Amino acid sequence: MDLRKYIKENLLYIDGGLGSSLIKMGLPSGMAPEKWNIKEPQNIVSLHKSYIEAGAMVLTTNTFGANELKLEDDEYTLDELIKSAIDNAKKAIEECGKTKGEDVFIGLSVGPCGKLLKPLGDLDFEDAVSAFSKTIALGEQYGADLIIIETMSDTYEAKAALLAAKESCDLPVFVTVAYDENKTLMTGASPLAVIALLEGLGADAIGINCGLGPHQMKEIAKEYVKYSSIPVIVSPNAGMPKSVNGKTVYDVDATEFASVMKEIAGYGVHGLGGCCGTTPEYIKATVNATKDIKALKINKNTDTVVSSYTKAVAFTNTPVIVGERINPTGKKKLKEALRENRLDYILNEAVSQQDKGAKVLDINVGLPEIDEVKMLTDVVKAVQAVSDLPLQLDSSDPVALEQAMRIYNGKPMINSVNGKQSSMDAVFPLVKKYGGVVVALTLDENGIPETADERVKIAEKIIAEASKYGIDKKDIVVDALAMAVSSNKESAKTTINSVKMLTEQVGVNTILGVSNISFGLPNREMLNSSFLTLCFENGLSSAIMNPLSEKMMEAYYSFCALKGLDDNFLNYIDFASGNDDVKTANDKRADMTLDFAIEKGFKDNAYEIALTLLKTENPLDIINDKIIPALNKVGSGFEKNTIFLPQLLMSAEAAKSAFDAVKTAIVESDNKSSDKIILATVEGDIHDIGKNIVKVLLQNYGFEVIDLGKDVKPETILNAVLEHNVTLVGLSALMTTTVVAMEETIKLLSVKAPHVKTVVGGAVLTQEYADMIGASHYAKDAMETVRYAQTHFEK
Amino acid sequence: MDKAVRTFSVNSDKVNIDVDLALRFLRVRKEPDDEVKAMLNSCLDEFKNAVSYKASYRYCDIKVENDEVTFNDSFTLKSEKLSKNLNKCEGAFIFTATTSVAVDRLIRKYMELQLSRAVVIDAIGSSAIEGFCDLLCEHLQNEYKVNFRPRFSPGYGDLSVSTQPLILGCCDASRKVGVTLTHNNLMIPSKSVSAIAGVRPKGEVCEHHSRCENCDKTNCLYRE
């Protein structure tokens, strides 16, 4: 029987709690339940049989924790645990006189791997994919009929598991996730964000399990049915655990459970099961309560949705602003930042666009002289660590796109595909595999058509081609191309007409890079903002634009307010009054001096004042006579305990921003090559805040810091020393347990690079400890590292 | 008492964040300047907005023998200091409490963009998780009508952090509250605490000591 088809048209009953039932059967506390597959197979078989007799059509194997990252000891191999689990399920089906794959299906249970993925945790995304792949491949090999990825509480891990399933088997894949009372996953994702991600990646059914009882799941179940276009599964706990006469019982009994499940089936949910605390009795009651109900038809949701790891952005009536600033075309500073691998510049661009109202951020890092494949994934990872907005991955290189789509945490926008067959052949397979909303440009082998009719035809061709891959129209957003009105006075009209026709006749969402319209004309924002309003009025769903442009945002907020898209004018008022605040605050700062701004830690003022000073003073004089003395004053205050860490760092940041201002005026040749220091938090340690403090101060004092990050292996540090020809290495460790790794690093350096000095610091270190592990110097705080570095390089 | 794993969570405004403790973590030893105060306040606001307090806990019967403590007959921890802390107790609560990943995200964001804020939010997080543990222990003591000995965590004295998998496993921390371990047994989210709180034998007088008085690491940078 075709399970994919069956669950689309019928109610499918899945079994209930396994772990909680095994505990009742006497599973010793602390023992991994999977071991019972081999130690007490009759218990597992008998539980499976009870579920079959209760009416379950899907058995979940006792493999929830069977993952190479989770295996605690080597008593049994992963292979043995998974084979025995599936054999037990097969035996139960046989003993019940049922047919596997017809009456009853074996679902390989795949639970979380117990580790958190980077950047929050220390598990690499690809390592997670590989671990899940091993479990799933074994499951298919030993005869599982489907894969059940369950109790996921992090979107990134759910993505890794689902991708692993898609890459290592052809079985149907169901994915269910666990919400808490706030209706978000443990790592923060809303239901819509999860639905967008999992549907995009091609799950066959999605839903919720564990975490909550049936009552608390009702609202989330409704959202799932409303927003998804595939079958939805609901497997609640038997309520919450409570204590009765010293025993644990769940507070929802089988009858109550079944009556709520009947209600939930009435919303349009197709997969019904149970989780912790539910028993065959619960499933039997659920089957009895719902067996006469006909499964509701699944409604296709037509909303265009992109997501990040927490947020979803739906293209509804309110236009979506896509921030355009992370794109090197025509941006000198960004080009420099990319060439010098200075991601902090890009991260600031990301955050400031979000602060100004962008809902999606475009990420384009294409420059001829850089490795775009690596840079795009690096930037995507870095931006996702500071911003929770969905991203638009923008590249003409399909390899760069694929790598970025793979590691992106969420359902991305992709920029772009066009009507050329070669473009569609390259991009659509990626969208099909990883999910995403793709921007479709209305151009093809013959270029950009002059008329709206022809542009719409290309859009229709792209939509038709996409549907061959199973990519829905909702996952395409058409860019009808804004061309310079200065070279053809009809061009704005053509674009606006195209947007109107695409919206009204084709029923597809649209996007425009609006600023092209004014190319070659003065005061471009004036034209752009009016064009934006005209396009919005004709149905434009989203605009790729500069959210830092006040005129553009004025047009956007005004449009939303006038069209009734801004309840109580909250956004309009917020925007309009916010601008006044900034102006008055700036006026107050008129007479501030640079050293005062640095000492007090006023970062923005320090930058502005330094820029003003540049008009009358020599850049090097500003550094030597103003910035350095202010910094020294704060530094020595810190050493004398009159100034403390927060103030020291605020001053350091203000000094850095003054340096940045002055640097704009220094010609390359004035930069003398600076002294280089390597910094690292040692292997096994993930606390890098202390190392980062040292880094900021060293940079302030003009040292070049090669920051190797956290959890760094001794060999990596040695290699960097040799590669960069460095003579001073700073090592940081927070825990006693990781000081061992610090000692190993120092030993390795003393053998392979004996000229290198080491300076160590961190919460557990003392002078005695530092001496014991053979460090050249112990620094009790960041300033002392600076002082030591100064003496080191004077020699 | 039954031995099921339970969870406890409270709204952000219920937890008292001891600002003096946060300042102690920052090693600020005098009244901070206005600029620092302003930043501290804005960091507090941002922290309170992001934080989500969660804990999972489980009651265990314990046996203390020599320098070993056995929990629910299922696992044993070897530590002289812990044995001393739990001496004569018949039961203990094991718990894992966390401020959740949103706080880690906030710290990581400012680590890239504005380190001074990262440092301050980090200290606020350390103070807040202590406040939440106090609240949790108060809740447990009221709910189960017991009194606790001072709570004891892996990493204190001779109780190694390598015991973390057993302790987190015992209260199903990864599944219930999303606290996981790195390969080196450090907790993520970073502002999390796992601990054992011994139930005082009936009739034992509760002497009040501050947390620092209970600790024998007298050369600690953060000692009161």
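The values are calculated or read from the model by the stated rules, or taken from the named source; none is laboratory data. What you are looking at is a predicted structure, and each value in this text was computed from that prediction instead of being measured. Positions of Cβ are backbone-derived with ideal geometry, glycine not excepted, and every protein chain shown enters the neighbour counts.
A few comments on the model shown:
- Qualifying residue in the stretch A:153-173 (condition: of a type in the set (Phe, Trp, Tyr), in the same structural domain as A:Lys262 (by TED's automatic domain parsing) and more than 24 Å from A:Ile471 (Cα to Cα)): no
Conditions tested, residue by residue: (1) within 20 Å of the chain's Cα centre (by Cα); (2) in contact (Cβ under 8 Å) with a residue 24 or more places away in the chain.
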{"site": "A:Gln141", "(1), (2)": "no, no"}
{"site": "A:Leu146", "(1), (2)": "no, yes"}
{"site": "A:Tyr156", "(1), (2)": "yes, yes"}
{"site": "A:Lys159", "(1), (2)": "yes, yes"}
{"site": "A:Leu162", "(1), (2)": "yes, yes"}
{"site": "A:Val177", "(1), (2)": "yes, yes"}
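- Unmet requirement for B:Leu86, which otherwise passes all of (1) within 11 Å of chain A (Cβ to nearest Cβ); (2) in contact (Cβ under 8 Å) with a residue 40 or more places away in the chain: (1)
- Given (1) within 27 Å of A:Leu12 (Cα to Cα); (2) within 25 Å of the chain's Cα centre (by Cα), number of the condition A:His270 does not satisfy: (2)
- Answer residue from the stretch A:336-371, given it is within 18 Å of the chain's Cα centre (by Cα), aliphatic (A, V, I, L, M) and not in a loop (DSSP other than H, G, I, E, B) and is farthest from A:Met545 (Cα to Cα) among those: A:Leu343
- Selection within the stretch B:8-43 - crowded, with 18+ Cβ neighbours inside 10 Å and either at positive phi or more than 8 Å from every other protein chain (Cβ to nearest Cβ) (or both): B:Phe8, B:Val15, B:Ile17, B:Leu21, B:Ala22, B:Leu23, B:Arg24, B:Phe25, B:Cys43
- In this structure, A:Asn299 qualifies as within 30 Å of A:Lys359 (Cα to Cα) and surrounded by fewer than 23 Cβ atoms within 10 Å (Cβ to Cβ).
- Residue in the stretch A:88-99 that is among the small types (Gly, Ala, Ser), under 26 Å from A:Tyr13 (Cβ atoms) and touching a Lys or Arg at 6+ places or on another chain (Cβ under 9 Å) present: yes
- Residues (touching a helix residue (DSSP H, G or I) at 6+ places or on another chain (Cβ under 6 Å), at the interface with another protein chain (Cβ under 8 Å from one of its Cβ atoms) and within 21 Å of B:Val51 (Cα to Cα)) located in the stretch B:148-181: B:Thr180, B:Leu181
- Scanning the stretch A:147-160 for residues that are more than 14 Å from chain B (Cβ to nearest Cβ) and of a type in the set (Val, Ile, Thr) gives A:Ile147, A:Ile148, A:Ile149.
- Scan of the stretch B:106-130 for residues that are in contact with a Leu (Cβ under 7 Å, 6 or more places away or on another chain) and within 9 Å of another protein chain (Cβ to nearest Cβ), ordered by number: B:Glu112, B:Leu113, B:Leu115, B:Ser116, B:Val119, B:Val120, B:Ala123
- Some residue of the stretch A:57-76 being surrounded by fewer than 22 Cβ atoms within 10 Å (Cβ to Cβ), part of a helix (DSSP H, G or I) and touching a residue at least 24 places away in the same chain (Cβ under 8 Å): no
- Selection status of A:Gly97, in the same structural domain as A:Ile14 (by TED's automatic domain parsing), under 19 Å from A:Pro33 (Cα atoms) and not acidic (Asp, Glu): no
- With respect to the conditions (1) without any contact (Cβ under 8 Å) to a residue 60 or more places away in the chain; (2) closer than 17 Å to A:Gly17 by Cα; (3) away from chain B (no Cβ under 14 Å), A:Ala203 falls short on a single one, namely (2).
- Only listed residue being away from every other protein chain (no Cβ under 14 Å), assigned to a helix (DSSP H, G or I) and modelled with pLDDT under 90, chosen from B:Cys212, B:Cys133, B:Cys206, B:Cys137: B:Cys212
- Set A:Asp397, A:Asp378, A:Asp344, A:Asp355: member being of a type in the set (Asp, Glu), without any contact (Cβ under 8 Å) to a residue 12 or more places away in the chain and either under 26 Å from A:Val705 (Cα atoms) or in contact with a helix residue (DSSP H, G or I) (Cβ under 7 Å, 6 or more places away or on another chain) (or both): A:Asp344
- Members of the stretch A:181-196 found to be within 14 Å of another protein chain (Cβ to nearest Cβ) and aliphatic (A, V, I, L, M), listed by number: A:Leu185, A:Met186, A:Ala189
- Qualifying residue in the stretch A:275-292 (condition: of a type outside the set (D, E, K, R), within 34 Å of the chain's Cα centre (by Cα), buried (at least 24 other Cβ atoms within 10 Å of the Cβ) and modelled with pLDDT of 95 or more): yes
- Top-ranked residue of the stretch A:431-456 - restricted to ones that are under 20 Å from the mean Cα position of the chain (by Cα) and surrounded by fewer than 19 Cβ atoms within 10 Å (Cβ to Cβ), ranked as farthest from A:Ala543 (Cα to Cα): A:Lys433
- Condition check for A:Val306: away from chain B (no Cβ under 14 Å), closer than 19 Å to A:Met553 by Cα and surrounded by 19 or more Cβ atoms within 10 Å (Cβ to Cβ): no
- Residue within the stretch A:171-186 that is in contact with a helix residue (DSSP H, G or I) (Cβ under 8 Å, 6 or more places away or on another chain), in a helix (DSSP H, G or I) and within 30 Å of B:Val51 (Cβ to Cβ) present: no
Per-residue answers, yes or no, for (1) more than 24 Å from A:Thr278 (Cβ to Cβ); (2) within 14 Å of chain B (Cβ to nearest Cβ); (3) surrounded by 24 or more Cβ atoms within 10 Å (Cβ to Cβ); (4) of a type in the set (Ser, Thr, Tyr):
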| site | (1), (2), (3), (4) |
| --- | --- |
| A:Gly139 | no, no, yes, no |
| A:Asp145 | no, no, no, no |
| A:Leu162 | yes, no, yes, no |
| A:Pro172 | no, no, no, no |
| A:Tyr179 | no, yes, no, yes |
| A:Leu198 | no, no, yes, no |
| A:Leu212 | no, yes, no, no |
| A:His215 | no, no, no, no |
| A:Ser243 | no, yes, no, yes |
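- Just one of the listed residues (A:Leu728, A:Leu708, A:Leu722, A:Leu749) is more than 28 Å from B:Cys220 (Cα to Cα), in contact (Cβ under 8 Å) with a residue 60 or more places away in the chain and not hydroxyl-bearing (Ser, Thr, Tyr), and it is A:Leu728.
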